[in-house]
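I have placed the structure first, in the form of structure tokens, so that the comments after it can refer back to it.
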Amino acid sequence: MADIFNEIDEELRQEKLKKLWDRWGVFVLAAAVVLVVAVAGWRVWDHMRQQRAAHEGDAYVAASELARTGDPKAAETALIELAKTSVGGYPALAGMRAAGARAQAGEVEPAIAAFDAIAADAATPVRLAEIARIRAAYLAVDVADRAAVETRAAPLAAAGRPYRAAAREILALAAWKAGDTAAVAARIAEIETDPETPRDLLDRISVLSALVKAQGTSGKAN
């Protein structure tokens, strides 16, 4: 008797499954096809993305090699082209390298403008934009007024910012150039008391610190 009931239950289950399949089977198959196509499309896209990234990486290395071997104009042309056509972080990297080549060639103001443009571009990754502002600010110390330098560097000098040590050094240099030794001393103190200040920057700022102290001694003697 139990076997009969089991067979009835099995038939009922099969009938229910058949009704469900008749009702939803087409949709299940369609969903499966969509999933397969989506996975295949993603794999193709990812493969193409990796190939493009590898190509752009090779182009960046080649352009950098041109700059290293003494052909700055060819390097600049290649880097600017890469900045226009590449994706991801490469446009910013290539643009900064091209701007750096301009600065080395003595084209300081165009280099500053190029760094500023990279920093202002919404497509530039945040950290690269901050580096571009730092590079522009370093160059601006020599050719721009103090306000222009501070506009670029001051926001990056706040506690917790990743490039605060460099920004503080820039602000100290701008203050020194303006003859504001009190501001220089304050920036030096910020740099020296920050445990995360890089050693090479501490070495550089020690020279400026010695100049400030010497000037202070000279002023007292007078």
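Using the Cα gyration tensor of segment 152-217, with a ≥ b ≥ c the square roots of its eigenvalues, what is the shape: rounded (a/c below 1.5), prolate (a/b larger than b/c) or oblate (neither)? Mind dumping the intermediate values first?
Numbers: a/c = 2.19, a/b = 1.42, b/c = 1.55.
Judged from the Cα gyration tensor, segment 152-217 comes out oblate (a/c at least 1.5, b/c at or above a/b).
Pop out the ³J(HN,Hα) list for segment 166-173 in order, Karplus 6.51 cos²θ - 1.76 cosθ + 1.60 with θ = phi - 60°, rounded to Hz; leave Gly and Pro as x.
5, 4, 5, 4, 4, 5, 5, 5
Could you derive backbone 3J(HN,Hα) for segment 144-160 from the dihedral phi with the Karplus parameters 6.51, -1.76 and 1.60 (θ = phi - 60°), listing whole Hz in sequence and x where the residue is Gly or Pro?
So the Karplus estimates, Gly and Pro as x, are 10, 7, 4, 4, 5, 5, 5, 4, 7, 8, 4, x, 8, 8, 5, 4, x Hz.
For segment 97-179, what does the alpha-carbon gyration tensor say about shape, rounded, prolate or oblate, given a ≥ b ≥ c as the root eigenvalues, a/c under 1.5 as rounded, and a/b over b/c as prolate? Provide the component values of the computation, followed by the final result.
Values: a/c = 2.02, a/b = 1.08, b/c = 1.87.
It is oblate, given that a/c is not under 1.5 and a/b is not larger than b/c.
Bear in mind that the values in this text are calculations on the coordinates, not laboratory data. Bear in mind that the values here come from a model prediction, so they are computed numbers and not experimental data.
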